[in-house]
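Engineer: First the structure, which I've put down as structure tokens, then a few questions once you've had a look.
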Amino acid sequence: MAQGENSLSHPASRRSFIKGLGAAGAGLTALPRWSFAQDSAAANANAAIDWKQFAGQTIALSGAIHPWSNAIAPLLPEFTILTGINVTVDFQLETTYLGALPIRLARGSSTPDVFMFTTYGQGISNGWLEPLNGYYSMKSLTDPAWYDESDLLKTARAFPLWSDGERYAVPITSEAMTLFINRDALAARDQPVPQTFDELLVTAKTVKTNAMSGIAMRAQAGGNSSPPAMGFVFSYGGAMVEHNRVAFASPEAIAAVEIYGQLLSQAGPAGVGSYEWYHVLDDFLQGRTAMAIDSSNFATDISNPAKGRVAKQAGFATFPHLAGRGPVPFMSHWQACINSKSRNKRAAFLFLLWATSKATSLQTAAAGLATTRVSAWSSEGFKKAFGPRAAEAALTNLQNADVDRAKAILFHPQSRPILDAFMIGVNEVVNGAKSAKDAMTGAAERANAAIRG
């Protein structure tokens, strides 16, 4: 394989990539012929929307420091020119932001008007999120033909739907847990790309050296660290929540957490029990780990030689699987919501439409953001910034994911304490404090108590 290619399994072709997009886009007969360089002002002018109807208003936007916030922030002046609406921003470190936002919303603050959000069920049950279906039906606000929801990835169309069909959020990113490989590190020990979890353990132990861990994954004792481990649980046939009861004390989940603990305790970096996503990414970028499993959105940084040392030898692969079963990586869409107490709800909705439109998505995709748009995923700008092999791996992992299992936990009103309890248990296994059975049994008891409470 030529130096610099980011492929790990079979060579990707444009035909196979477009075929995958078609499946994810559910029935599109042809990819939209948009160029990321198309003038967004001209595109927005084609919308049957009075963009200036809220001129003079100011909306407050809050979120995590994240690929989406990095991609959308430079475009905000374009939104202000288009609409006359000013946007103030407050982007914080993800853990800080996710801890502070619920407190602010619970106090009934009218700001932020728009915010990035993950704990959907908590927000709905507490009345923090504005229902959006009515806004989509307002002719003064929405031009369905211009917005073209058929261009959204299938998962992005299904993800925001609540049980009654109401929408309280707009998906803004697409991501799935992905396996990252330092090809040189594996080649040095004559190791193939692992496909199964057992192969992953063997490879990680084989390539580990004094200077490089075999694999890095999140293991911090907090719910924000849960996505990679949840992918293990799903791929072993387990679930996080079933029938409003925590399900991660099942034999399947226990087996999944056991091998997760083995991987990190036997082949992980020193101090991995404190690892969050940014530790994982930094280790991979700096060549301190041979493999990593985390968000597909890492690809933008990994493929950028200015960000790290591994761009030329980096590879991207499908999530591992249990022998005899298909992989089921955890997937999610970061979503943006409108504060139910906002004084500028219609202006906020107009912002969400603009931010997730075809024209804006082409621009953010050219910055490497994995958007929710088929047209953006197929654009040359996105494939250049994200990497064509990385895009193929991300798309494959999105297709293999189980949206319903992900939503069952993310949309649960008690998702945060459930995820916190789960990761406390995972952390205990990684650190060798408890067996997987004892840790998961105790974690499930704590989580179920939170549900009952």
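The values are calculated or read from the model by the stated rules, or taken from the named source; none is laboratory data. Computed from a predicted model, the values in this text were never measured in an experiment. Note that we place each Cβ from the backbone using ideal geometry, even for glycine, and neighbour counts take in every protein chain shown. Each accessible area value is taken on the protein alone, full model and side chains, heavy atoms only, with ligands, DNA and RNA left out. Shrake-Rupley method; radii C 1.70, N 1.55, O 1.52, S 1.80 Å.
Engineer: Do we have any residue at all in the stretch 149-159 that's part of a helix (DSSP H, G or I), charged (D, E, K, R), in contact with a strand residue (DSSP E or B) (Cβ under 9 Å, 6 or more places away or on another chain) and free of Cβ contacts under 8 Å to residues at least 12 places away in the same chain?
Structural biologist: The answer is no; no qualifying residue exists.
Engineer: Looking for something part of a loop (DSSP other than H, G, I, E, B), touching a helix residue (DSSP H, G or I) at 6+ places or on another chain (Cβ under 8 Å), modelled with pLDDT of 95 or more and farther than 26 Å from LEU369 by Cβ - is there at least one such residue anywhere in the stretch 292-311?
Structural biologist: no
Quick grid of which residues meet (1) part of a strand (DSSP E or B); (2) on the phi < 0 side of the Ramachandran plot; (3) among the aliphatic types (A, V, I, L, M):
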residue: ASP90; (1), (2), (3): yes, yes, no
residue: THR95; (1), (2), (3): no, yes, no
residue: LEU98; (1), (2), (3): no, yes, yes
residue: ILE103; (1), (2), (3): no, yes, yes
residue: PRO112; (1), (2), (3): no, yes, no
residue: GLN122; (1), (2), (3): no, yes, no
residue: PRO131; (1), (2), (3): no, yes, no
residue: GLY134; (1), (2), (3): no, yes, no
residue: LEU141; (1), (2), (3): no, yes, yes
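Engineer: OK, next. Is there a residue in the stretch 79-92 that is under 27 Å from GLU175 (Cβ atoms), among the polar types (S, T, N, Q) and either modelled with pLDDT of 95 or more or surrounded by 15 or more Cβ atoms within 10 Å (Cβ to Cβ) (or both)?
Structural biologist: The first filter runs over the stretch 79-92 and keeps only residues under 27 Å from GLU175 (Cβ atoms), leaving 79, 87-92.
Add one more test, that the residue is among the polar types (S, T, N, Q), and what stays is 88, 92.
From the residues that got through so far, the ones that are either modelled with pLDDT of 95 or more or surrounded by 15 or more Cβ atoms within 10 Å (Cβ to Cβ) (or both) too are 88, 92.
Checking the stretch 79-92: at least one residue is under 27 Å from GLU175 (Cβ atoms), among the polar types (S, T, N, Q) and either modelled with pLDDT of 95 or more or surrounded by 15 or more Cβ atoms within 10 Å (Cβ to Cβ) (or both).
Engineer: Hey, among the residues in the stretch 430-449 that are surrounded by fewer than 21 Cβ atoms within 10 Å (Cβ to Cβ) and within 27 Å of the chain's Cα centre (by Cα), which one's modelled with the highest pLDDT? Reasoning before the result, please.
Structural biologist: Filtering the stretch 430-449 down to residues surrounded by fewer than 21 Cβ atoms within 10 Å (Cβ to Cβ) leaves 431-435, 437-438, 441-442, 445-446, 448-449.
Next cut, within 27 Å of the chain's Cα centre (by Cα) only: 431, 446, 448.
Working: ASN431: 98, ARG446: 95, ASN448: 94.
Across the stretch 430-449, the extreme among qualifying residues is ASN431.
Engineer: Another question, if that's okay. Please determine, by comparing only the residues of the stretch 116-127 that are out of contact with any strand residue (DSSP E or B) (no Cβ under 7 Å at 6 or more places or on another chain) and farther than 15 Å from ILE409 by Cβ, which one is least open to solvent (accessible area, probe 1.4 Å).
Structural biologist: The residue in question is GLY127.
Engineer: While we're looking at this one, here's another question. Given the stretch 370-453, what helices (runs of 4 or more DSSP H) lie entirely inside it while holding 3 or more residues that are under 30 Å from ARG157 (Cα atoms)?
Structural biologist: Result: 374-377, 380-386, 388-400, 403-410, 415-430.
Engineer: Now for a separate question. Hey, can you tell me all the residues within the stretch 209-229 that are buried (at least 21 other Cβ atoms within 10 Å of the Cβ) and of a type outside the set (S, T, N, Q)?
Structural biologist: Of everything in the stretch 209-229, those that are buried (at least 21 other Cβ atoms within 10 Å of the Cβ) and of a type outside the set (S, T, N, Q) turn out to be GLY214, ILE215, ALA216, MET217, ARG218, ALA219, GLY223, PRO227, PRO228, ALA229.
Engineer: Then there's this: Could you go through the stretch 235-258 and let me know if any residue there is within 17 Å of THR178 (Cβ to Cβ), open to solvent by less than 10 Å² (accessible area, probe 1.4 Å) and either assigned to a loop (DSSP other than H, G, I, E, B) or out of contact with any strand residue (DSSP E or B) (no Cβ under 7 Å at 6 or more places or on another chain) (or both).
Structural biologist: no
Engineer: Tally the residues that are in a loop (DSSP other than H, G, I, E, B) and either hydroxyl-bearing (Ser, Thr, Tyr) or open to solvent by less than 10 Å² (accessible area, probe 1.4 Å) (or both), restricting the search to the stretch 356-369.
Structural biologist: 4
Engineer: Can we say LEU179 is open to solvent by less than 30 Å² (accessible area, probe 1.4 Å), more than 25 Å from GLN92 (Cβ to Cβ) and in a strand (DSSP E or B)?
Structural biologist: yes
Engineer: Go through the stretch 316-342 and report how many residues are farther than 19 Å from PRO67 by Cα and out of contact with any Asp or Glu (no Cβ under 8 Å at 6 or more places or on another chain).
Structural biologist: Going residue by residue through the stretch 316-342, those that are farther than 19 Å from PRO67 by Cα are 317-329, 338-342.
Next cut, out of contact with any Asp or Glu (no Cβ under 8 Å at 6 or more places or on another chain) only: 317-319, 321-322, 324-327, 329, 341.
The total comes to 11.
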